[in-house]
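Okay, structure first, notes after.
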Amino acid sequence: MSELKLKVFVVLDDILKKDLADNRAYDCLKVICSASIDALNTQNEELITYTRYQLKLILDGQQSVASMDSKDLGKWMSDKKLSAFLDRVITKHTKKFKEIGYIPVVKTNDTIGGKGNERRYWLDITEYAQTQNEEDQKLDENEISYERVDPSEIKLSWFYRFIFKKGEIRNKSFRGLMMLIVLLGGFISWALYVCAFSLVLVREGQNFTTLDLLFIACLIGFSYLSFKYWFTPLWNLPEHRVIKAPMTFISLNEDHADIEMYRDRERNQLTRITRFKGICPICSAEVVLRIGQPDHNLPLVGRCVESPFAHVYSFDRVLMSGKLLSR
Ligand SMILES: [Zn+2]
């Protein structure tokens, strides 16, 4: 039994490491899972259990638990939240557990609560029930789940590689400040350049050549493009949370990437370059994030690469899921 357990937990641990998520249930599961694996590896048959207090202490540090009472802890995490998240992970990666024949489950003790009777959580396994899962899959035909690609896997252009370390920056840091300087500095210096250029043209006055006209056309064209595809999206990032990365961000042999702003456990705002992807439930091709215009009035939608205008899905970065959009 313990061998089977180890197998299932290792698979789960692997999934959690690759399929990053931003929620407490994910963080808690990761802690419980890796501790359970460590125990099983050292032939420790004892059950590895955690109380909410212990989990919060590990995840958020000493300071955060000092001011918490048991009611707050109940709100902070519950077995329902843990099980709901674990279920989502299992449905998404059914294949891997189907091979073993067992799936992980969150177990908790029967307790009325109160001091000394704290609720404890641990991971166990149960036999994979085929029928139940197949029914779930039928229901899910119009639904898609997304996953994030690890930021370190995306190749950045050489310039942004200096700013983004491992594809990530903390907004309130030296690198974050650099990014702001690049953004505002780029905008201001371009505006100054356009002003200076127009001044020169005005000075030259009468002898206006076709070459000058060509220059002006290029200038206007370039200003428009950089404003629309570089400045505006980045400016909208704090509000939209996810945008398509402008072409200048990624290396030439990379197709596309997304920029995401998120909050970590210490409530720091971080910006990372990642890529959201999913599998189209209709045709099993890859689904990537694209601009919602012109057929959908949304900033970003998930579009199937094989049928980008018929297989279109909404995108929810918190739930990491979406629904089929009809025109
Ligand atoms: Zn499709």
| Some residue of the stretch 158-166 being open to solvent by less than 70 Å² (accessible area, probe 1.4 Å) and touching a residue at least 60 places away in the same chain (Cβ under 8 Å) | yes
| message | Here's a check for you: in the stretch 303-325, which residue that is of a type outside the set (A, V, I, L, M, F, W, C) and in a loop (DSSP other than H, G, I, E, B) is farthest from the ligand (Cβ to nearest atom)? | response | Arg317
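Among Gln43, Gln54, which is assigned by TED's automatic domain parsing to the domain that holds Glu99 and in a helix (DSSP H, G or I)?
On the way: Gln43 fails: in a helix (DSSP H, G or I).
After ruling out the rest, the residue left standing is Gln54.
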| request: For residues that are of a type in the set (Asp, Glu) and farther than 23 Å from Val89 by Cα, scanning just the stretch 282-327, find the one that is least open to solvent (accessible area, probe 1.4 Å). | output: Asp295
| said: Checking the condition in contact with a Ser or Thr (Cβ under 7 Å, 6 or more places away or on another chain) and acidic (Asp, Glu), which residue from Asp87, Asp13, Asp69 passes? | reply: Asp13
| Restricting the first residue to the stretch 67-84 and requiring it to be at positive phi, which pairs with a second residue that is surrounded by fewer than 12 Cβ atoms within 10 Å (Cβ to Cβ) and of a type in the set (A, V, I, L, M, F, W, C) meet a Cβ separation below 8 Å and a spacing of at least six or different chains? | none
| note | Of the candidates Arg290, Arg265, the one satisfying the condition of being modelled with pLDDT under 90 and either under 30 Å from Arg24 (Cβ atoms) or touching a Pro at 6+ places or on another chain (Cβ under 8 Å) (or both) is Arg265
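The values are calculated or read from the model by the stated rules, or taken from the named source; none is laboratory data. All figures in this text were calculated on a predicted structure; none of them were measured in a lab. Cβ atoms come from the backbone with ideal geometry, glycine included; neighbour counts cover every protein chain shown. Keep in mind that these areas ignore ligands, DNA and RNA; they rest on the heavy atoms of the full protein, side chains included. Shrake-Rupley method; radii C 1.70, N 1.55, O 1.52, S 1.80 Å.
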